[in-house]
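All of the numbers you see were taken from the coordinates with simple rules; none came from a lab. Quantities reported herein were computed from a predicted structural model and do not represent experimental measurements. Quick reminder, even Gly has a Cβ in these numbers, built from the backbone with ideal geometry, and neighbours come from all protein chains shown.
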Amino acid sequence: MIKGILFDKDGTLLDYDASWLPVNRELARIAAQGDAALADRLLVACGMDPVTGHIVPDSLLAAGNTRQIADGLVAAGSEVSAEELTRRLDDLFSNAAEFSVPVTDLAGFFARLHARGFKLGVASSDNERSIRRTASRFGFADYLDYVAGYDSGFGVKPEAGMVLGFCAATGLDPAEVAVVGDNNHDLHMGRNASAGLTVAVLTGTGSPESLAAASDHCLNDITELEGLLPDLQFA
Ligand SMILES: [Mg+2]
């Protein structure tokens, strides 16, 4: 029986393309120090087509945390240090929370799940400050039992730690938890923690093909979860 739901943020609660494509371009501009040709090469190296905006599933930009993206930018030719980049990108990502676009009315969505008794959490490769800003901006902070970013001390995806932290915070067993995300690192985190259910959504950078192997269900978006869960409660 599923009693708790742990959501990824980007591409899951937030529409990835609308929220992140402009941020990725700014990220590359910062790492390239204004060199437009280098910025395009950095985007390609990290998984984004600079012309179409297409993101390669499970690439650094799709799935990496700030530190991993900074390391990838340096490896691809950025002359800014990884430490400096990590700091500047964390600031960029926190500010980006103010411009992000949700996939649905998140306050209403979380309120309904909370009213049905589910424990709710967010586990993201973004920093914790960005997650909390997003939750407060879209009005669902009060419904969250747990928040974990890459810098919260629970380890990084696809390790099991963020799921186990959710279980410790809520008193649930991993078998009672559904993990919901748009990338394989979300689903693998769920499987590594022996979560009861892994659910993929298609509002991010994954495709039905890239997400099939590690998901129990593949939904168009999180709103379909509400129809899925009553059956699960009585399964
Ligand atoms: Mg995601």
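General remarks:
- Among beta bridges from DSSP that stay inside the chain, the antiparallel ones total about 10%.
- The ellipsoid equivalent to the alpha-carbon distribution of the chain has semi-axes of 30, 17, 16 angstrom, derived from the gyration tensor eigenvalues as √(5λ) and listed largest first.
- Near the amide H of Leu219, within less than 5 Å, lie the amide hydrogens of Ala200, Val201, Leu202, all on another chain or at least 5 residues away, with H placed in the peptide plane.
- Local charge for Pro57 was computed over the other residues whose Cβ lies under 10 Å away, with Lys and Arg +1 and Asp and Glu -1, and equals -3.
- Taking a ≥ b ≥ c as the square roots of the eigenvalues of the Cα gyration tensor, an a/c ratio of 1.5 or more together with a/b larger than b/c marks region 1-141 as prolate.
- Modelled FRET efficiency - R0 35 Å, Thr52 with Met1, Cβ distances, 0.05 increments: 0.20
- Helical mean residue ellipticity (222 nm; -39500 (n - 2.57) per DSSP H run of 4+; nearest 500) of the chain: -14000 deg cm²/dmol
- Calculated SAXS-style log₁₀ I(q)/I(0) at q = 0.20, 0.23 Å⁻¹ - region 40-106, Debye, Cα scatterers: -0.89, -1.08
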